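Student: Below you will find the structure I want to go over with you.
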Amino acid sequence: MSTEGTRRESGARTSTEAGTTTDTEAGTTTGTEAGRAERLRRWRLLLGGESADGTGCTLTGDEARMDAALERLYGSGGRKGSGRRSAGLGDSAPSVARWLGDIRAYFPSTVVQVMQKDAIERLDLTRLLMEPEMLDAVEPDVHLVGTLLSLNKVMPDRARESARAVVRKVVGELERRLAQRTRSAIGGALDRSARVLRPRRLADVDWQRTIRANLRHYLPEHGTLVPERLIGYGRRQQAVKRDVVLCIDQSGSMAASVVYASVFGAVLASMRSLRTSLVVFDTAVVDLTDQLHDPVEVLFGTQLGGGTDINRAIAYCQGLVARPDDTIMVLISDLYEGGVRAEMLQRVGALTAAGVQVVVLLALSDEGAPSYDHENAAALAALGVPAFACTPDAFPDLMAAAVERRDLKEWSERNL
């Protein structure tokens, strides 16, 4: 979001809309003046109060403190390389922590998260994020977790526990939001994918498949169909029905995707009907499957940034495939390949030919359309491998569709 956009959203949330009045009736003059004064205050907050704002409005109380917090970030000192005075937050973690406390007091959490992200980018506060005082004051969110993970290897010990607390809070919130729906969607798909020819209960009959299988027994004179055989859903068993391999690109641009994928990996690993593996990669490949019981440990096992060797990662994942027809491989990457592109495509082609269902997610985040390598995405599509961005809320249904071996290209066009 732009600086002006953040000012606009912040200002818009500072007070309620003024009521509309007219001057056609006696007694409305006071209401009109009050509405005009309110609009001027809001314009003053939006414009930032520099000499050319033209409002002639003076802010007081909470509105003045809101404006001061916005000015320290978005004022003339808030742009790196502007040649003007330096930013006004002060070069110390306590000063930044006080500012973070101010914005949390005066703005809703959605605006606070935008302002935090802008502060990190505009004021280069990554160094100060390694201070416990600041970490105790931040509003935890996915973007902040990504930044902390990128600093993991250089973070001092005294800040590491505060960072873990921030990460654990975000992960806990994501698990509460996503876990039950994921288990329900995928568990139902696993049950439906197990077909039986002699369903014991009427509720277990798959009527759509049964009708298709018995169309030749339609009796037009009676307007009915007499099924010769029934096709039903299998009931859930404890045996492993699907193998899932999550292969995650940990380059810096994929930070939010890494966070969400780690949470989903932990949820999938908790389902007995799935055997889940989690692999992260840059130019090296790290298997974090043994840490899936704790997504926080998974996240601190990643190292955001660096190059990308998708070919090497897929080569490793090929070695994890023991049952191709029952394996779903999800590659989460922007597809900017730093390894051998031709070999990467050959490996994906070999996996699909063997029966593995390969899915490429260009992003697993709420960010919208990502930047990605369009040429590689087109080459994968030619191999029958869909590549698309997916929001976290849509991921459970995507995996359910993959379990049932539905057409994922069609699914994405209908749902994303």
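The values are calculated or read from the model by the stated rules, or taken from the named source; none is laboratory data. Since the model is a prediction, treat every value here as computed from it, not as a measurement. With ideal geometry, Cβ positions are generated from the backbone for all residues, glycine too; neighbour counts draw on all protein chains shown. Just so you know, the surface numbers come from the protein's heavy atoms only, side chains and all, with ligands and any DNA or RNA stripped out. Shrake-Rupley method; radii C 1.70, N 1.55, O 1.52, S 1.80 Å.
Student: In Å², and per residue, what accessible area does the range 346-390 have when probed at 1.4 Å with the other protein chains present?
Tutor: 41
Student: Would you mind calculating the gained length between THR60 and THR283 on full extension (0.36 nm times residue separation, minus the Cα-Cα distance), in nm to one decimal?
Tutor: Here the segment from THR60 to THR283 would lengthen by 74.8 nm.
Student: With a Förster radius of 45 Å, plug the Cβ-Cβ distance of TRP43 and LEU383 into 1/(1 + (r/R0)^6) and report the FRET value to the nearest 0.05.
Tutor: Efficiency at R0 = 45 Å is approximately 0.25.
Student: What order, most packed first, do the peptides 215-228, 269-282 have when packing is the mean number of other Cβ atoms within 10 Å of each residue?
Tutor: 269-282, 215-228
Student: Kindly identify the range 262-354 as rounded, prolate or oblate by the Cα gyration tensor criterion: order the square roots of the eigenvalues as a ≥ b ≥ c, call it rounded if a/c is under 1.5, otherwise compare a/b with b/c, prolate if a/b is larger, else oblate.
Tutor: oblate
Student: Give the long-range amide H neighbours of ASP243: residues separated by 5 or more places, or on another chain, with amide H under 5 Å away, using H modelled in the peptide plane at 1.01 Å from N.
Tutor: Under 5 Å from the amide H of ASP243: ARG275, THR327, ILE328.
Student: Right, another one. Past 29 Å, Cα to Cα, is the threshold; run LYS117/LYS169; LYS169/LYS409; LYS169/LYS241 against it and keep the listed order.
Tutor: In this structure, LYS169/LYS409; LYS169/LYS241 exceed 29 Å between Cα atoms.
Student: Something else: Mind checking the dipole of the range 247-319: about its Cα centre, +1 per Lys or Arg Cβ, -1 per Asp or Glu Cβ, Debye to the nearest 20?
Tutor: Computed about the Cα centre, the dipole is about 240 debye.
Student: State to the nearest 20 debye the size of the charge dipole of the range 269-416 about its Cα centre, where the only charges are +1 on K and R beta carbons and -1 on D and E beta carbons.
Tutor: The dipole of the range 269-416 has a size of about 480 debye.
Student: Which one of VAL385, VAL296, VAL330 has its Cα pushed farthest toward the positive end of the charge dipole of the range 288-405, where Lys and Arg give +1 and Asp and Glu give -1 at the Cβ?
Tutor: VAL385
Student: In whole percent, what relative contact order does the range 337-416 give with Cα contacts below 8 Å and a gap of six or more residues?
Tutor: The value is 27 percent.
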